Amino acid sequence: MNISFHWPFRWPIRIDRSSVGKIVYGLPDPAKFTKAFNAQKAFLPNAKGMPPVDWTKWKDVIDEYESRVLVWYIHPVDEQINNKHGSVNPAYPLMFTLCALIDLLAQYAYDLDWHSPKHYQRFVRDKLPEFNATLTSPIEYTREDRNGGWQQSKLKTRAQVFYAGFRCSLLHHGDLASFCGMTALQPDAAGTPTLLKVIPNAGTSLDGKHSYDLHVVDPTTLKNRVIGIFRQYCNELRANPNSALAKSYRRKFEQDYGVKI
């Protein structure tokens with residue numbers, strides 16, 4: 001059976017479900033092509049001269065994986081604070097990167113092969129309690145349907161707001177949705193960093209019929225929280241190499257890097 005349809009984009013997407021069975025491709029022959037982030041490239045000796053990771057030592061594997069993820073996702077953004085162009089504000093690339101990192105963490109946390117909007121939002125609800133709430137007033141918006149018309153939808157939870165307004169807007173449209181914002185936020189009375197501030201009825205639709213609350217996130221606070229979540233995950237892996245979480249990690253790691261550990 002062949003299925004053709006249009007997503008909100010202009011070009012057609014075609015799904016072919018006529019094949020029998022499932023074809024699984026291994027990593028390409030390094031002599032022909034080397035994947036940028038396979039084990040041979042991603043886990044070479046580092047700049048300090050440390051030897052390649054010993055895949056037979058569980059703790060070393062997790063230590064190296066934790067280090068490499070932080071180097072890939074966090075260190076480059078931190079370095080933008082003081083680079084050759086002088087002091088800059090890294091808020092935009094930081095938020096962009098954190099949205100992508102959350103995607104990676106959700107896949108490892110829930111044993112996924114690929115991105116899942118449902119599980120991305122689940123991760124946000126589970127790990128960032130500020131986003132585990134239903135909106136007092138749903139945010140109504142329109143999006144282009146498969147026929148080129150406009151379909152009205154509603155965001156009903158804060159997790160949906162984060163997914164649609166931060167993650168999807170940044171990664172697909174290069175900007176935040178109008179109901180989202182990012183800036184440094186004042187800590188609470190106890191000195192605890194503030195992750196999210198909701199400003200009621202901050203904006204109104206052009207036709208004046210709809211209003212929305214503005215959801216403002218502090219990128220630095222989000223970074224610290226996400227790093228903490230990732231480090232906790234790595235600590236749980238180290239603590240029990242035979243847990244269900246570790247088994248899931250082994251499967252996902254082999255899928256991503258071609259190394260059975």
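Some observations on this one:
- Members of the stretch 131-177 that are polar (S, T, N, Q) and more than 18 Å from PHE96 (Cβ to Cβ): ASN132, THR134, THR136, SER137, THR142, ASN147, GLN151, GLN152, SER153, THR157, GLN160
- Of the strands (runs of 3 or more DSSP E) entirely within the stretch 152-247, those holding at least 3 residues that are more than 21 Å from VAL124 (Cα to Cα) and modelled with pLDDT under 90 occupy 196-204.
- Restricting the stretch 100-143 to residues that are of a type in the set (S, T, N, Q) and in a helix (DSSP H, G or I), the residue that is modelled with the lowest pLDDT is GLN107.
- ASN38 being closer than 30 Å to CYS168 by Cβ and modelled with pLDDT under 85: yes
The values are calculated or read from the model by the stated rules, or taken from the named source; none is laboratory data. It should be emphasised that the depicted structure is a prediction, and the values quoted were computed from it without experimental measurement. In this analysis, Cβ positions are derived from the backbone assuming ideal geometry, glycine residues included, and neighbour counts consider all displayed protein chains.
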